[in-house]
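For reference, the structure is listed below as structure tokens.
The values are calculated or read from the model by the stated rules, or taken from the named source; none is laboratory data. Quick caveat, the model's predicted, so the values are computed rather than measured. Cβ: placed from backbone, ideal geometry, glycine included. Neighbour counts: every protein chain shown. These accessible areas exclude ligands, DNA and RNA; they are computed on the full protein's heavy atoms, side chains included. Shrake-Rupley method; radii C 1.70, N 1.55, O 1.52, S 1.80 Å.
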Amino acid sequence: VEPVGSTPVFLFSEPDIMPRPLIGITMSRRKSSSGERDLYGVLYPYVEAVCGQGGLPMLIPLGLQMDELRDLYDRADGLVLSGGGDIHPEQYGDTLTELCTRIDPERDELEFALVRWAAAEGKPILAICRGIQSMNVALGGTLWRDLATELPNAAKHDCYPNYPRDQRTHSLSVTPDSRLAQLLQVTSVEVNSLHHQACREVAPEMRQVAIAPDGIVEAAEIPNHPYAVGVQWHPEWIQDTRDQQGLFAGLVNACGNGHS
């Protein structure tokens, strides 16, 4: 209590609580049951994984004008590019086939913009499954349109729905001197696998840092960037182990204390 004249004034100090980093998460488009309007959404494990490491999730909808997207990007401390449908092959100089599904050019444009801004400006970004493919194509890389037909000797990578999303189905080897190895704290790990496409030529700005036993690219990162990591598996579904938690912890930590 500090007296002012005859009236006491109570002074309270603000608690020293640092804001949680704001993590923008991209979303997919679905048709509503009525078919009247599109739905935008993301599976909940992405949100759980971000919150579990002290981040605050912010969902980034489709349908934004570029200046609106830039506004959300500027407010976010970091980004997660989520999984989803295929990127249009024309984006990497190839032709469309019936094996390319759930193509959404609007999502391609949105994610490519986020990747290019984050790569140029050093904003932390974690790209998952479709996300690593978006990162790779946005920066000049290419994709296998369908592993089963274009690489018939490759192992089966599209294991869902025959296996649960959280079932680890194959191993991968991690480059020892990579950021990914630091995050996972291992150079060999078992992961889940829910994809039919993958990175073919890795973008010049990126470095391949993990492969499956059949040679498929499983991870790539941008060297000398505060945090720009792409993985082909789905770590948000296997957060029961410390290695996979490390990917989201690394993202949140790279964002610092968020906005002041």
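There is at least one residue in the stretch 230-240 that is of a type outside the set (S, T, N, Q) and assigned to a strand (DSSP E or B).
Of the residues contained in the stretch 216-228, one or more are found to be in contact with a strand residue (DSSP E or B) (Cβ under 8 Å, 6 or more places away or on another chain), crowded, with 18+ Cβ neighbours inside 10 Å and among the acidic types (Asp, Glu).
For the stretch 150-160, the criterion of being touching a Gly at 6+ places or on another chain (Cβ under 7 Å) and part of a loop (DSSP other than H, G, I, E, B) is met by none of the residues. Among the residues of the stretch 212-248, the ones that are farther than 21 Å from Phe112 by Cα and of a type in the set (S, T, N, Q) come to 4 in all. Only one of the numbered conditions (1) open to solvent by less than 10 Å² (accessible area, probe 1.4 Å); (2) farther than 16 Å from Met135 by Cα; (3) modelled with pLDDT of 95 or more; (4) of a type in the set (Gly, Ala, Ser) is not met by Ser193, and that is (3). Scanning the stretch 161-184 for residues that are surrounded by fewer than 15 Cβ atoms within 10 Å (Cβ to Cβ), assigned to a loop (DSSP other than H, G, I, E, B) and modelled with pLDDT of 95 or more turns up Pro176, Asp177.
Inspect all residues belonging to the stretch 72-85 and state whether any of them is under 26 Å from Leu194 (Cβ atoms) and either without any contact (Cβ under 8 Å) to a residue 40 or more places away in the chain or surrounded by fewer than 20 Cβ atoms within 10 Å (Cβ to Cβ) (or both). For the stretch 72-85, residues under 26 Å from Leu194 (Cβ atoms) and either without any contact (Cβ under 8 Å) to a residue 40 or more places away in the chain or surrounded by fewer than 20 Cβ atoms within 10 Å (Cβ to Cβ) (or both): present. Determine, yes or no, whether Arg130 is modelled with pLDDT of 95 or more and under 18 Å from the mean Cα position of the chain (by Cα). It is true that Arg130 is modelled with pLDDT of 95 or more and under 18 Å from the mean Cα position of the chain (by Cα). Close contacts from the stretch 34-56, counting a first residue that is closer than 22 Å to Asp77 by Cα and at pLDDT 90 or above and a second that is assigned to a helix (DSSP H, G or I) and of a type in the set (A, V, I, L, M), with Cβ to Cβ under 6 Å and a gap of 6+ residues or different chains, come to Gln53/Ala249; Gln53/Val252; Gly54/Val252; Gly55/Val252. Of the residues screened, Glu201 is not one that is charged (D, E, K, R) and touching a His at 6+ places or on another chain (Cβ under 9 Å).
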